[in-house]
Amino acid sequence: MNIVVLVKQVPDTWSERKLRADDSTLDRDAADAVINELDDYAIEEGLRLQEAHGGEVTIVSMGPEKAADAIRKALSMGADRAVHVTDEALRGSDGLVTSDVLAKVLSRTGFDLVILGSESTDARMGTLAAMLAERLGVPQMSFASKVETDGSKITINRQADYGYDTVEATLPAVVSVVEKINEPRYPSFKGIMAAKKKPVETLSLADLGMEAGQAGLSASATEVVSFANRPPRAAGTIVTDEGDGGVKAAEFLAARKFI
Amino acid sequence: MAEILVLAEHDGETVKKVTTELLTLARAHGEPAVVWTGEGADGARARLAEFGAAKVYVADSPDYADYVVAPKAELLAHLIAEKAPAAVLVAATSEGREVAGRLAVKTGSGVLTDVTGLADGLVGEQSIFGGAITVQSKVRTGTPIIAVRPNAVTPEPAAGAAEIETVNFSVSDDAKTARVTGKVVAQRGERPELTEASIVVSGGRGLGSGEHFALIEQLADSLGAAVGASRAATDAGWYPHQFQVGQTGKTVSPQLYLAIGISGAIQHRAGMQTSKTIMVVNKDPEAPIFELADFGVVGDLFKVVPQLVEEIGKRSEG
């Protein structure tokens, strides 16, 4: 089975995340860069399906040069090879443009299954799987908390507010995963060493048959007009429970008309 | 005035609260027209009229529920071509955002997700990086597609005609590739949905076990609230995953959020930071969650919460 896992490098949630004052894009120098958390689950699911059905796991990532670190981590978990789309002209691309670029890469690599995290921790749009399914004309199997396939048919549990739906389709398909799906492995020492020798193909926009004007900030269908740091919350009232903490909490709720 | 399409979220009978919020928002920018998929439009019509819907476009086919997302996007693309609306509003639920994504690709339009307000010129307000930064964005290509965060807008009634118009549209086979074969509903009693609830009570590591979530449920039920959980609690299997509030779970912004036994790791704060009022109960006075608290009690939750539940009971009787 030809499995492609999409990986995104994002600013670490634990460091201070900022936007650039000049063009309102993400300030990639301000924060530590890490692999998007849900992508670990996507990689793990790809590897498990490969263990069951054979074939190859290819990592695809679009991002600046240093996104090579995220790709390396994915390879050290056990993926076979990677494609890194990197081009200065991609900077500031919105979801629509990103899905266009990735769809072109996927048409090039071919796939039975595309697996990705259901959202990234930075943009948090949660739309990429849907956009890719639309562009590639394949079934959308998103928000999966469980995936089963026999190599031609695929069934998932699609997580919903009320529980889940079971959804069925025929491969090829795009699958997005939620963290309930598995427990990602840690890269082993052997895996880390092996990753250094695995092939990583680097692609520019031109390699995909695209021109600079078709990507990046200027080609995006949305724009940031302005932004501001949210004012800090006013300090609240903190009391120590001396046997009447519940009563005081109720008084607060009553004063605010919640009860 | 140009039309604004509002995709209704409903259960086949009742329209969800978020749709009344979308109608309230749409009224300020155009003439709201509801898009209703599947059955139930006649029954919900009065409610849609109450919140100012001028029209209700009804596409009554089981396809919209039987196949994942794509049929709804196809229908909306058809209506954009036919009605040339000024914008399309959907709820920023998992499904709503996916409908927006597909529709954006189909129509070459820009999409804004998780919008909390709309200013003149359809400039959307978004809260990013766990609420640390507020961004004003707009769509500059195609028909603006805007996914609005549930609970961000207070629904306000205003009479509308809610004139029903049947849409003659059949979903293509291309949109019928991911088939829903079953629905499994988790037990959650009569509680409101997490992202829609005005009050959310969440429990975390401090509860120590799944059984102790009964305490959180009691408190939630005394307030008519939804129950949420921190990642520590869902990872430990104490509460089902779909109730997780946080960066890798749900983002909520209720009127009141109660964090019980939750330390407030950034991953949790990212999902609840924009709540209007926040109350905290935690035994550790150094817990970062207290930085967000409008009211906090430093104490043992197993003493404070039962007393709070009892006190709420007394007050509601009185």
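The figures follow:
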item: Averaged over B:278-291, number of beta-carbon atoms from partner chains that fall within 10 Å; result: 2
item: Per-residue average of Cβ from other chains inside 10 Å of B:91-103; result: 6
item: Sorted peptide list for A:13-22, A:76-85, criterion being average Cβ within 10 angstrom, highest first; result: A:76-85, A:13-22
item: Sequence-distant aspartates and glutamates (8 or more away, or on other chains) whose Cα lies within less than 17 Å of residue B:314; result: A:244, A:251, B:221
item: Flagged links, alpha-carbon separation over 25 Å, of A:66/A:198; A:146/A:197; A:180/B:276; result: A:146/A:197; A:180/B:276
item: Max mean-square fluctuation residue, GNM over chain A, Cα-Cα springs under 10 Å, options A:141, A:62, A:193; result: A:193
item: Options B:88, B:168, B:69, ranked by Cα towards positive dipole end of the range B:3-175, top entry (Cβ charges); result: B:88
item: Estimated distance in nm for a label pair at residue B:236 and residue A:201, the labels positioned 7 Å out from Cα along Cα-to-Cβ; result: 4.7
item: DSSP beta bridges in chain B [antiparallel fraction, %, rounded to 5]; result: 20
item: Set of aspartates and glutamates with alpha-carbon distance to residue B:138 below 16 Å, sequence-local pairs under 8 removed; result: A:23, A:94, A:223, B:114, B:120, B:125
item: Length released on extending from residue A:225 to residue A:48, taking residue separation times 0.36 nm less the Cα-Cα span; result: 59.4 nm
item: Listed residue (A:151, A:33, A:75) projecting farthest to the positive dipole end of chain A, Cβ model; result: A:75
item: Cα-based shape type of the range B:3-175, given that a ≥ b ≥ c are square roots of the gyration tensor eigenvalues and the cut on a/c is 1.5; result: oblate
item: Chain A: DSSP helices with Cα axial extent of at least 20 Å and average Kyte-Doolittle hydropathy no lower than -0.5; result: A:95-109
item: Of all DSSP beta bridges in the protein assembly as shown, antiparallel share, percent nearest 5; result: 35
item: Stokes-Einstein diffusion coefficient of the protein assembly as shown, Kirkwood radius over Cα pairs, 20 °C, 1.002 mPa s, in µm²/s; result: 87
item: Rounded to 5, percent antiparallel among DSSP beta bridges of chain A; result: 40
item: Estimated [θ] at 222 nm from DSSP helical runs (n ≥ 4, -39500 (n - 2.57)) normalised by residues in the protein assembly as shown, nearest 500; result: -8500 deg cm²/dmol
item: Over 23 Å between alpha carbons, listed pairs B:16/B:183; B:16/B:72; B:16/B:55; B:250/B:283; A:73/A:190; result: B:250/B:283
item: Neighbour-count order for B:279, A:131, fewest beta carbons within 10 angstrom listed first; result: B:279, A:131
item: Lys, Arg +1 and Asp, Glu -1 on Cβ, resulting dipole of the range B:3-175 about Cα centre, debye, nearest 20; result: 640
item: Trypsin sites (Lys or Arg not before Pro) within the range A:170-259: DSSP coil, no more than 15 neighbouring Cβ in 10 Å; result: A:185, A:196, A:197, A:233, A:256, A:257
item: Point-charge dipole on Cβ atoms (K/R +1, D/E -1) for the protein assembly as shown, about Cα centre, debye to 20; result: 680
item: Compactness relative to 2.2 N^0.38 Å, alpha carbon Rg of the range A:2-219; result: 0.97
item: Under DSSP loop assignment and at most 10 Cβ neighbours within 10 Å, longest GluC sites (Glu not before Pro)-free interval of chain B; result: B:14-189
item: Partner chain coverage, peptide B:63-72 - average Cβ within 10 angstrom; result: 3
item: Relative contact order of chain B, pairs being alpha-carbon contacts under 8 Å that are 6 or more residues apart, as %; result: 15
item: Aspartates and glutamates with Cα under 17 Å of residue A:196, excluding same-chain neighbours fewer than 8 positions away; result: A:65, A:69, A:80
item: Chain A: relative contact order in percent, alpha carbon pairs under 8 Å with at least 6 residues between; result: 23
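Here, each number is a calculation from the coordinates, and none is a lab measurement. Note that this is a predicted model, so its numbers are computed, not measured. FYI the Cβ positions are ideal-geometry reconstructions off the backbone, even for glycines, and counts take in every protein chain you see.
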